[in-house]
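Below is one structure, written out as structure tokens; the observations come after it.
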Amino acid sequence: MDRAKPGSKHHLIAEAHGIPLAVSLTGGQRNDVTQLMPLVEAIPPVRGRRGRPRQRPGRVYADRGYDHDKYRKQVRAKGITPVIARRGTGHGSGLGTYRWVVEQSLALLHWFRRLRIRWEIRDDIHEAFLSLACAIICWRRLRNLSLC
């Protein structure tokens, strides 16, 4: 465990193609589950078919770090089905097929050297680089999707 280490964590919600929808920055020793609801609330409205537009996604997939019954209830209250791996259960929950998209997006974020190792002392500067990296990833993904 690295609880005493200084540093920061990047928390990310991505859509099915790996486009970042919401991102947050916390201290390295902070528990992951505390960032679940701020990330869910930061998701922009989903646009799509004509008629009454959806405001939220149908499901949220998360790993064991976000497993807590209190937060599952809060996500359900927002009208979103939480699909979160349980702590203490063996691997093979089937979430790996969905979770790899987020892991890939986090890996893309860490390709930016300014984000891989945090050199900035001020949080707002690091968050600005984080937002810029997300915008670049969005642009690259959408450009590649339009070429298909």
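Listed here are the residues, each with its yes/no results for (1) at pLDDT below 80; (2) part of a loop (DSSP other than H, G, I, E, B); (3) touching a Gly at 6+ places or on another chain (Cβ under 9 Å); (4) not charged (D, E, K, R).
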position	(1), (2), (3), (4)
Ile13	no, no, no, yes
Arg30	no, yes, no, no
Gln35	no, no, no, yes
Val40	no, no, no, yes
Pro44	no, yes, no, yes
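Tallying residues that are of a type in the set (Gly, Ala, Ser), under 25 Å from Leu142 (Cα atoms) and at pLDDT below 85 within the stretch 15-28 yields 2. A search for C-beta distances below 7 Å between a residue of the stretch 113-141 that is on the phi < 0 side of the Ramachandran plot and any residue that is surrounded by fewer than 14 Cβ atoms within 10 Å (Cβ to Cβ) and basic (Lys, Arg), counting only pairs 6+ apart in sequence or on different chains, returns nothing.
Listed here are the residues, each with its yes/no results for (1) touching an Asp or Glu at 6+ places or on another chain (Cβ under 7 Å); (2) of a type in the set (Gly, Ala, Ser); (3) surrounded by fewer than 13 Cβ atoms within 10 Å (Cβ to Cβ); (4) not in a loop (DSSP other than H, G, I, E, B).
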| residue | (1), (2), (3), (4) |
| --- | --- |
| Glu103 | no, no, no, yes |
| Ala107 | no, yes, yes, yes |
| Trp111 | no, no, yes, no |
| Arg114 | no, no, no, yes |
| Trp119 | no, no, yes, no |
| His126 | yes, no, no, yes |
| Cys138 | no, no, no, yes |
| Arg141 | no, no, no, yes |
| Ser146 | no, yes, yes, yes |
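Here Ser131 meets each of (1) in a helix (DSSP H, G or I); (2) closer than 17 Å to Leu39 by Cα; (3) modelled with pLDDT under 85 with one exception, condition (3).
The values are calculated or read from the model by the stated rules, or taken from the named source; none is laboratory data. Since we're looking at a predicted model, the values are computed, not measured. Heads up, the Cβs are rebuilt from the backbone with ideal geometry, glycines too, and the neighbour counts pull from every protein chain shown.
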